[in-house]
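Values quoted throughout were computed directly from the atomic coordinates according to the rules given, and no laboratory measurement underlies them. All values derive from a computational prediction rather than experimental measurement. Here the Cβ is made from the backbone with ideal geometry for all residues, glycine too, and neighbour counts use every protein chain on show.
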Amino acid sequence: MFLTGATGFIGSAIVANLLNDRHQVLGLARSDTSADALRQAGCDVLPGDLRDLESLRRGAEQADSVIHTAFDHDFSRMAENCDMDRIAIEAMGSALAGSNKRFIVTSGLPPLMGRVSTETDILPAGAHGLPRVSEQVAMALTDSGVRVSVIRMPQVHDQSRQGFASYLMDHARNHGVSAYVGDGQNRWPAVHRLDAARLYSLVLDNDASGERYHAVGEEGVAVRDVAEAIGKRLDVPVTSLSEEDSASHFGWLDRIARMDVPASSDLTRQNLNWQSMQKADLIQDILASI
């Protein structure tokens, strides 16, 4: 099978699971360092990146299935990166057309703001002003003979990285204070990196097509709890900000700090018998962060 993002935060854990399940993995590598890491892990290597559409098509054509996890998370170029992601999915989809091969695409959770989202929630392209359309583009491929599944990701964590909380921790370290907005009861869903990786294996082995899955281990962690854990970890004070002061304090993080996007994974758990196996939750990994 062909995997983009094979040396990434989630992708490297997916590789370990796939190899353990005796899958042959062809990993996309954009550097010699990544290529060496993949070979040492036991993977075959395809040089290329998300801008090299020919490499993406080649990988999709050579493999019996495709998992797409690569994404550039440079928020200063978010619109450009989302468009690159769209074009990459379309390129791989064109190579898979008519093959009935499996194509698993990574997406974000529906940003419904205040309501618990489920796997049945479907948002149109550009919902809430967000430029990422991974899910919409992937699902459109089901009409062209591709077995598509989408895995929606929350904040993914282990001791080395904790999703958006890592950005808040860097901000708190630089400003000497850990902050949240209002009462801080807005919520972020979360999942441990190894639990998320295991879900990809379960989806790969499932014959369903056109399904959406939520890799959610915790339905919603209060951002106040996140801020307090960061304050304890860094030994800095914790404070509440008014909505008026939030933008000037957080800058581009303001929208993230105010997000209330809880999500359920009940249907995913029922359909795939998936459950959280790791003992550490998001707060515990923040407190033990490296």
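For the pair residue 175 and residue 24, label points projected 7 Å from Cα toward Cβ lie 5.2 nm apart. Extension gain, residue 83-residue 281: 0.36 nm per intervening residue step, less the Cα-Cα distance, totals 68.0 nm. Using the Cβ of residue 10 as centre and a radius below 13 Å, the other residues enclosed give a net charge of +2, where K and R count +1 and D and E count -1. Protection proxy ranking of 96-102, 132-138, by the mean of other Cβ atoms within 10 Å over each peptide's residues and highest first, is 132-138, 96-102. With both labels modelled 7 Å from their Cα along Cα-to-Cβ, the residue 40 to residue 97 distance reads 4.1 nm. Taking label points 7 Å from Cα along the Cα-to-Cβ direction, residue 120 and residue 207 give a separation of 2.5 nm. Contact order for region 80-212, expressed relative to its length and based on alpha carbon pairs under 8 Å spaced 6+ residues apart, stands at 30 percent.
Across the chain, the relative contact order, built from alpha-carbon pairs under 8 Å that are at least six residues apart, equals 19 percent.
Under the definition of Cα pairs under 8 Å and six or more residues apart, what whole-number percent is the relative contact order of region 206-273? It rounds to 55 percent for region 206-273. Students often get this wrong: which residues of region 241-284 have the backbone nitrogen under 14 Å from the point 7 angstrom along Cα-to-C-beta of residue 185? Inside the label zone: 260.
Listed values (1) 19.6; (2) 20.6; (3) 21.3 include one computed from this model; for Kirkwood radius over Cα pairs in Å that value carries the label (1). Where in region 249-285 does the amide nitrogen come within less than 17 Å of the point 7 Å from the Cα of residue 16, taken along Cα to Cβ? Residues 276-281, 285 fall inside that zone.
With a sphere of radius 14 Å drawn around the Cβ of residue 225, what net charge do the other residues whose Cβ falls strictly inside it have (Lys, Arg +1; Asp, Glu -1)? Result for the neighbourhood of residue 225: -3. From helices alone, the chain scores -11500 deg cm²/dmol at 222 nm; the rule is -39500 (n - 2.57) for each run of n ≥ 4 DSSP H residues, then divide by the residue total.
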